[in-house]
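See structure below.
The values are calculated or read from the model by the stated rules, or taken from the named source; none is laboratory data. Values in this document were obtained by computation on a predicted structure and should not be read as measured data. Note that we place each Cβ from the backbone using ideal geometry, even for glycine, and neighbour counts take in every protein chain shown.
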Amino acid sequence: MEQLPVTTYSRISTMGDTSIEKVRELETKARELPQLVFVTEHLIHKGVYLRTLHLPAGALVTGALIKIATTLILYGEMMVYVGEDEPLHFYGYNVLPCNAGRKVAVLAITDIHLTMLFPTKVTTVAEAEAEFTDEVALLTPLSDTKRHKIVITGE
């Protein structure tokens, strides 16, 4: 069995203004392409908010500007632009601390799964989204109930 390379990146740091602007430019160009329809899974449990995306191979997504530190769990093979000259190449399963002040672009090489999580005191997804970004308008509207799976345990 062929062994995949090991990912050696240990965190995603704050991005500079120039790098964030590059992602914004890509985001603008990507709007001209056919848009991917996917479900966002949300879980609020025991003071933790988790947001998960499952994306098919070939998907290109740009994220909202994240204004708080979070943990990011990545699974699959993907290229992630985080402000370096070259995107980071992730393989397999990775758990990373991530700084505030980042807006990444992700290209799925294989089917991928991305989960962002952070501690919170909020009790609704709308409050959690407002807590992690000021770009809520770029997220899939919560009113589009077919594109969200929401579990709030109340614990």
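Residues checked against (1) of a type in the set (D, E, K, R); (2) surrounded by 12 or more Cβ atoms within 10 Å (Cβ to Cβ):
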position	(1), (2)
Ile20	no, yes
Leu65	no, yes
Ile73	no, yes
Glu86	yes, no
Tyr93	no, no
His113	no, yes
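From the list Leu60, Leu50, the one residue that fits, being surrounded by fewer than 19 Cβ atoms within 10 Å (Cβ to Cβ) and within 18 Å of Val136 (Cβ to Cβ), is Leu50.
Could you run through the range 93-134 and say how many residues are without any contact (Cβ under 8 Å) to a residue 60 or more places away in the chain and part of a strand (DSSP E or B)? Qualifying residue count, the range 93-134: 6. What strands (runs of 3 or more DSSP E), lying completely within the range 27-92, carry at least 3 residues that are among the β-branched types (Val, Ile, Thr) and touching a residue at least 40 places away in the same chain (Cβ under 8 Å)? Hits in the range 27-92: 70-75.
Listed here are the residues, each with its yes/no results for (1) over 19 Å from Ile112 (Cβ atoms); (2) crowded, with 20+ Cβ neighbours inside 10 Å.
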site	(1), (2)
Pro56	no, no
Glu77	no, no
Val80	no, yes
His89	no, no
Pro97	yes, no
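Checking Glu155 against (1) modelled with pLDDT under 95; (2) surrounded by 13 or more Cβ atoms within 10 Å (Cβ to Cβ), which test does it fail? Result: Glu155 passes all but (2). Could you tell me whether any residue of the range 112-132 is under 17 Å from Glu27 (Cα atoms) and modelled with pLDDT of 95 or more? No.
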